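The values are calculated or read from the model by the stated rules, or taken from the named source; none is laboratory data. Since we're looking at a predicted model, the values are computed, not measured. FYI the Cβ positions are ideal-geometry reconstructions off the backbone, even for glycines, and counts take in every protein chain you see. Heavy atoms of the whole protein, side chains included, go into the accessibility calculation; ligands, DNA and RNA do not. Shrake-Rupley method; radii C 1.70, N 1.55, O 1.52, S 1.80 Å.
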Amino acid sequence: MTTVIKNGTVVTADLTYKADVAVDGGKIVEIGPNLKGDEELDATGCYVMPGGIDPHTHLEMPFMGTYSTDDFESGTRAALAGGTTMVVDFAIPSPDGQGLLDAIQMWDNKSTRAACDYSFHMAITWWGEQVFNEMETVVKDRGITTFKHFMAYKGALMVNDDELFASFQRCGELGALPLVHAENGDVVADLQAKLMAEGNNGPEAHAYSRPPAVEGEAANRAIMIADMAGVPLYVVHVSCEEAHEAIRRARMQGKRVYGEPLIQHLTLDEGEYFDKDWDHSARRVMSPPFRNKQHQESLWAGLQSGSLSVVATDHCAFTTEQKRYGVGDFTKIPNGTGGLEDRIPMLWTYGVSTGRLTPNEFVAVTSTNSAKILNCYPKKGAILVGADADIMVLDPEKEKTISAKTQQSAIDYNVFEGKHVKGLPRYVLTRGKVAVLDGDMKHEPGHGEFVKREPVNPVNKALSTWKELTAPRKVERTGIPASGV
Ligand code: DUC
Ligand code: ZN
Ligand code: ZN
Ligand code: ZN
């Protein structure tokens with residue numbers, strides 16, 4: 001059966017043109033004028049775009065004494081409702097020595113009810129020979145080519161510099177890409193203890209315990225360690241100028257470093273933590289925390305200029321009841337916010353409608369760039385014959401006010417509550433299956449498939465160090481030089 005999306009304007013990361021798009025067997029089979037199909041979807045006045053890819057989610061994640069409430073079923077339902085057709089979640093081994101393959105098995109079990117396609121990043125939460133060896137199987141047999149490292153969450157998920165350097169080098173050998181959660185976990189732990197000792201136990205103290213310098217220091221450190229290991233680097237949830245500045249500088253030096261801001265940091269600021277009731281602030285506790293307006297401007301500038309590459313959500317949704325585990329001790333508030341359903345309409349409203357981003361740039365940062373960096377392009381992130389028919393038809397005139405009452409997520413609030421958005425999906429197709437039809441959910445739990453990825457990444461070095469790389473110097477120690485040096 002052929003489905004044709006008719007009369008729309010195709011918008012990709014680099015082109016805008018009028019065409020119909022025909023879909024069959026889960027793939028795009030034809031793009032052109034006046035196509036005929038068994039089923040026709042009218043896209044008059046709409047943009048036909050690659051479905052969104054969210055490169056950073058935590059569905060049913062065991063974390064801080066509980067599990068994030070949106071699982072692969074409600075999480076991918078929320079994704080599809082908001083025009084996202086692929087999520088990349090994190091398989092996280094328990095740091096007490098769980099094997100990588102064991103953890104993947106757990107995430108395989110969690111993801112059976114996914115309604116859209118998905119892939120995994122692998123987290124490195126401890127280091128040893130078993131991890132070193134299993135990384136090869138993870139890359140070659142499981143098609144997981146990205147490894148995440150937490151530089152924060154001391155005593156839990158955090159890894160130290162020796163472990164970072166060892167793992168980054170292993171990534172280099174395997175053609176894999178390391179990711180970092182860049183925050184200095186030692187400094188955070190110390191600031192948390194001081195704030196608690198002073199009686200600052202409310203959610204606003206969460207923001208004070210993780211200032212921008214904590215993030216900037218870790219981003220710089222990770223970039224330098226990646227350079228020494230000769231691997232590219234992907235910095236997740238870049239929230240502030242200090243981390244962005246490190247990424248910008250690295251890229252200017254020829255290093256392949258990618259930065260990922262979140263829709264939350266782009267559109268919500270630190271005011272959410274102050275002079276608000278406990279529940280309001282605690283619901284917005286995530287790491288890194290929301291920042292002030294200057295940091296937000298830095299992130300928007302990065303998307304415009306290309307120094308930041310993709311927009312994600314870090315979707316990690318906890319109910320109000322779960323957030324209340326931290327009453328009297330902000331360090332026990334489960335860290336995380338939702339955003340899967342809202343990322344695309346929020347970015348369109350605050351990014352494209354304001355003139356900050358062009359529609360093509362919007363497609364690049366919501367979909368195509370992730371597919372390229374994570375190496376699943378053009379299966380994903382493309383409107384091309386042969387690509388998976390993951391398609392979002394965006395109606396720029398359709399509007400709504402975001403509310404927990406109408407959301408797909410399983411939690412009881414929404415951090416964007418009350419925001420008016422204009423630019424919503426009219427249709428969403430996941431591998432050819434219509435999952436959203438004029439606002440009605442037609443998704444099918446279990447339809448989602450795992451997306452395998454191939455290793456590819458090139459050696460990464462600052463331009464200034466390429467010489468050493470191509471012609472290693474052998475230093476002969478023949479005594480003290482007669483002059484100079
Ligand atoms: N930050 C969060 O807020 N939640 C999940 C993990 C993380 O790093
Ligand atoms: Zn993180
Ligand atoms: Zn995360
Ligand atoms: Zn199906």
Study note, to complete from the structure: Distance in nm between D141 and D108 label points, each 7 Å along Cα→Cβ, equals 0.9
Point to revise | Potential lengthening between L384 and E129 on full extension [0.36 nm per residue; Cα-Cα distance subtracted] | key: 87.5 nm
Check your understanding: What's the extension gain from T2 to W278 if we count 0.36 nm per residue and subtract their Cα-Cα distance?
Key -> 94.1 nm
Revision key, fill the gap. Within region 1-103, DSSP-loop trypsin sites (Lys or Arg not before Pro) with at most 12 other C-beta atoms within 10 Å are K36
Study note, to complete from the structure: Result for the chain: accessible area per residue, probe 1.4 angstrom, in square angstrom, of 38
Revision key, fill the gap. Once amide hydrogens are built 1.01 Å from N within the peptide plane, the residues lying 5 or more places from L41 or on another chain with amide H under 5 Å from its amide H are V4, I5, K6
Point to revise | Cα-based radius of gyration of the chain once divided by 2.2 N^0.38 Å, which approximates compact folds | key: 0.98
**Study point:** Net charge contributed by nearby residues that have their C-beta within less than 10 Å of N414 (K/R +1, D/E -1)
**Key:** -1
Practice item. Any chance you could run the full-extension gain for N292 through E40? It's 0.36 nm times the residue separation minus the Cα-Cα distance, nm to one decimal. Key: 86.1 nm
Practice item. Please state the charge dipole magnitude for the chain, taken about the Cα centre, from unit charges on C-beta atoms (+1 on K and R, -1 on D and E), reported in debye and rounded to the nearest 20. Key: 1120
Revision key, fill the gap. Residues whose built amide H sits under 5 Å from the amide H of L308, excluding neighbours closer than 5 in sequence, are L303
Exercise for review: For region 221-310, state which chymotrypsin sites (Phe, Trp or Tyr not before Pro) are in a DSSP loop and have at most 13 other beta carbons lying within 10 Å of their beta carbon.
Suggested key: F274
Review point. For region 79-174, what log10 I(q)/I(0) values come out of the Debye formula at q = 0.14, 0.19, 0.24 1/Å, with one point per alpha carbon and no solvent?
Key: -0.53, -0.90, -1.26
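When ranked by the protection proxy of mean other Cβ atoms within 10 Å per residue, highest first, what sequence do the peptides 214-222, 412-420, 329-337 form? List each step's numbers first, then the result.
Working: 214-222: 23.3, 412-420: 17.1, 329-337: 21.3.
Averaged packing, sorted descending, gives the order 214-222, 329-337, 412-420.
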Check your understanding: Taking the Cα-to-Cβ direction at T319 and at Q304 and moving 7 Å from each Cα, how far apart do the two end points lie in nm?
Key -> 4.3
Check your understanding: Quick one: Karplus J couplings for region 399-404, per residue in order, coefficients 6.51, -1.76, 1.60, θ = phi - 60°, nearest Hz, x for Gly and Pro?
Key -> 9, 7, 9, 5, 8, 4
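For region 62-102, what % of the accessible area comes from carbon and sulfur atoms, probe 1.4 Å?
Working: 490 of 1090 Å².
For region 62-102, the apolar C and S fraction of the accessible surface comes to 45 percent.
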Review point. Which whole-Hz couplings ³J(HN,Hα) result when phi for each residue of region 162-174 is put into the Karplus expression 6.51 cos²θ - 1.76 cosθ + 1.60, θ = phi - 60°, listed in order with x for Gly and Pro?
Key: 5, 6, 4, 5, 5, 5, 4, 5, 5, 4, x, 4, 9
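Assigning unit charges at the beta carbon (Lys, Arg +1; Asp, Glu -1) and nothing else, what dipole magnitude in debye, to the nearest 20, does region 152-250 show about its Cα centre?
Values: 7 positive and 15 negative charges, 35 e Å.
Approximately 160 debye in magnitude.
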Practice item. Find which of F90, Y67, P55 sits farthest along the positive direction of the dipole of region 1-99, computed with +1 on the beta-carbon of Lys and Arg, -1 on that of Asp and Glu, about the Cα centre. Key: P55
